[in-house]
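Student: Just passing along the structure, written as structure tokens.
The values are calculated or read from the model by the stated rules, or taken from the named source; none is laboratory data. Since the structure is predicted, the reported quantities are computational estimates derived from the model, not experimental observations. Here the Cβ is made from the backbone with ideal geometry for all residues, glycine too, and neighbour counts use every protein chain on show.
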Amino acid sequence: MKISLSKKQGKLINEVIEHWNTDELIDISTKEKLTNSIEIRKFDWKKLAKYSFWVSIICVIISFSAVFADDYLVQLIEKLFTSSSIVLCLIFAAFAAGFYYWAISRRIKFPSKIFSNEFIVVLGILSTAVSIAYLGKALDTGSGHFSILILLAAVIYGIIGLLFPSNLVWIFSILSLGTWFGTETGYASGWGAYYLGMNYPLRFVIFGFALTALSFVFSRINKLQDFQKSTYILGLLYLFIALWILSIFGNYGNLYEWGQIKQIGLFGWGLIFGLFAIAAIVFGLKYDDYTSRSFGITFLFINLYTKFFEYFWDITHKAIFFMILAGTFWLIGKNAEKIWNLEFLNKKEIKEE
């Protein structure tokens, strides 16, 4: 039975086999057997299916958002079903339960149809969100404390994600939790700029760091290990995006305050951002953690280029500015090309030895 690989994977495997044969680690007969055991896919249908379903999911989310942002369509739905918010809450809760049950049944019958099964899960997620929204409308007291509903959504998605189990639902739970954190601290501060002396980016630095730390706890609990990776990635995403925004605006509550300070006054925040990125790179290299290393390298360059624009945009001629930018990106691309083609690792280092 042959192993089906993409062109990129096949090229890499063939180069490795060729390298082993050149170094006489395997003979020609073994080389031919290994080469013949590989089948290169002419077209990656799995990747097409994956991207198609992701686009479809995005379109469905936009469609749902457009429907419930349109007062006429909302009124039409309420006329078609009922004007009672609690009844609509129960109707959409029933829809959600039906979608989840359908997705579970399909997963058992058609386990290979991963993406179409996940699409049905998304329909359940959206129906759950609408149900919670109508629950909020039914119980609304005029306090404006709607963040409780978002927390409820996070809890429900988390429970469903664990029971299903589904990483996609779990991701929606984490995103809902982040939304709750932002709205809850906003409500607690009277929708002011600061909460406990911290603006929004600084708060989300703490949130992202806590979420990242929590992901390491997940890796030690059997039932939560499947959700460790997605929690880890989202935690780093929250952390580094918040650090990036913080490095630009600092811990200031409005644009007027920010506009009054000199750019050098934000240098400390940029330094903290850079240290976090370097720490992520070091951690990734030490423990062979590709995710941490990738985040660290990516956001270190984002930090450097952000500061480059901040400090040199006004004082440097634009032709020189973009020539420097082009040169640095060329160097990055040149070295990245060497790594991906295994030239640097497989040829140059071997010659030096």
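Student: Which residue out of LEU168, LEU163 is modelled with pLDDT under 90, surrounded by 15 or more Cβ atoms within 10 Å (Cβ to Cβ) and either over 24 Å from PHE299 (Cα atoms) or not hydrophobic (A, V, I, L, M, F, W, C) (or both)?
Tutor: On the way: LEU163 fails: surrounded by 15 or more Cβ atoms within 10 Å (Cβ to Cβ).
The conditions single out LEU168.
Each row is one residue, and each column tells you yes or no for (1) at pLDDT below 90; (2) surrounded by 15 or more Cβ atoms within 10 Å (Cβ to Cβ).
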| position | (1), (2) |
| --- | --- |
| TYR256 | yes, no |
| GLN263 | yes, no |
| GLY270 | yes, yes |
| PHE276 | no, yes |
| ALA279 | no, no |
| TYR290 | yes, no |
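Student: If PRO111 satisfies all but one of (1) within 20 Å of THR183 (Cα to Cα); (2) not in a helix (DSSP H, G or I), what's the number of the condition it fails?
Tutor: For PRO111, the exception is condition (1).
Student: Just give me the residues in region 237-248 being closer than 18 Å to ILE278 by Cβ, buried (at least 21 other Cβ atoms within 10 Å of the Cβ) and under 14 Å from the mean Cα position of the chain (by Cα), in sequence order.
Tutor: LEU239, PHE240, ALA242
Student: Still on this structure, I have one more. Give the residue that is nearest to the chain's Cα centre (by Cα), with candidates limited to residues of region 219-236 that are crowded, with 18+ Cβ neighbours inside 10 Å and not β-branched (Val, Ile, Thr).
Tutor: LEU234
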